[in-house]
Every structure is written in structure tokens, then in C-alpha cells.
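Note sheet for the following structure.
A short reminder: the numbers here are calculations on the coordinates, not readings from a lab. All figures in this text were calculated on a predicted structure; none of them were measured in a lab. Here the Cβ is made from the backbone with ideal geometry for all residues, glycine too, and neighbour counts use every protein chain on show.
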Amino acid sequence: MQNVGLFSQEGLIILVNSLKQRLIFLSRFLYSPKTIGSITPSSKHLVHALMNPIPWHNLKSIVELGSGTGIVTHEILQRAPSDCHVVLFEQDQALRQYLHHRYPHISLFSDAQYLTQKLKQLQLKQVDCIVSCLPLTNFHPSLRADILNEIQNALTPNGLYIQYQYSLHLKKWLEVRFSSVNIRFIPLNIPPSFIFICKNFIQ
């Protein structure tokens, strides 16, 4: 591998891609701060903390809500079994176009409010895991409730829902909908974040 100054060619590619993602993310935040929720993509520490609770060895289906520039998506695709069905949701049109260009083979939809309807289009009645990067505390309470109800209905019994937020405001909303809610604090992120790890009720 050819070295260019302090960076290898591979290192320069990684750096350029990272800067590109951050600029895209920042521009979309400035355009719609309530729906994007942050000025920068998730840190590697947050991404790994989101991924670690997932039982990858027997995972058949996983949904990511609020895929952004694909920081979490990339890690999901690295870890998921080859026969696992991966589905993405991203409301922002520019980010959705970016994701489609980057992952043309992955199912991609716009509105998490219609989660169960879109899964049925893919012949998926329910899924094993949902990872959400949506800034739910920024949403109107009625929309927040609708999305959480969709998540609960889309999960298999005892299915896993992982959500990160920048406050504990969502805790009371989750405790009435899921059989267990565990919280982890991730200081190495901008801003520092809380991860909610929720198990669906066994019906």
C-alpha cells in the first residue's frame, strides 16, 4: 500500500469518507434539527454499545430506524449472518438517497410510523431486533407513541429493541411497553448518550 505523507492510501480514503459523512450529517441537521437530532454521526463507542446486546448467532431479521449516513448500518452488515434480513428506515430524503447509493441491495423505507405495513410488503410479519437512532424525545408525543406502538407490534415475542437518546426522558415511555428496560450510559459520544435495551413481552 502506497503511503502519502503521514497516511496510507487506505487511511486517506477512510478519512475522506468520514469527513464526507460528517458534512452530510451536519447539513441535514441544519436543515431539520428536530428530525436529525445531532450535529454529528454516532461515535464508534456508541455504535459498538448498540451492537453488543444483539444475539447475532441466531438473528434472522433486524430493522434500523433513522439510519442517517449508515454508521450503524455498516456495523450491522458486518455482524449480521448472511441469511439475516436487514431493513432500513430514514425519513430525510437526502440521507435516504445517500443510503440507497451506498447500500443498493438493502430494503430502504422512509417513515417508521408505517413500520409494520412496510414489513408486511417484505413478507416479514415480525422481526427479531430493532435498533433505533431516532430522536424520539424531539417528536410530538402522539407521533412518539405511534412509533413506539409500531416498534412493539413489529417485534417478535421477547424480541429486542435498542434505542439511544441524549436524556432519560424516554424511560417512562418504554417501561409501560416492554417487559424489561436496561439502561447504559455512553460518555464517549457527542453528546454523551443513554442506550435503552428493551425486551418485548412474551405473548
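For this structure, a couple of remarks:
- Efficiency of FRET between GLN121 and ILE190 - r from beta-carbon atoms, R0 30 angstrom, step 0.05: 0.25
- FRET efficiency for ASN158 and ARG102, using Cβ-Cβ distance with R0 set to 22 Å, rounded to 0.05: 0.10
- Length gained when the stretch TRP56-LEU168 is fully extended (0.36 nm per residue, less Cα-Cα span): 37.6 nm
- Paramagnetic label reach from HIS45 (point 7 Å along Cα→Cβ; backbone nitrogen cut-off under 20 Å): within the range 188-202, residues 188-197.
- Neighbours of LYS125 by Cβ distance under 15 Å: Lys/Arg scored +1, Asp/Glu scored -1, total +1.
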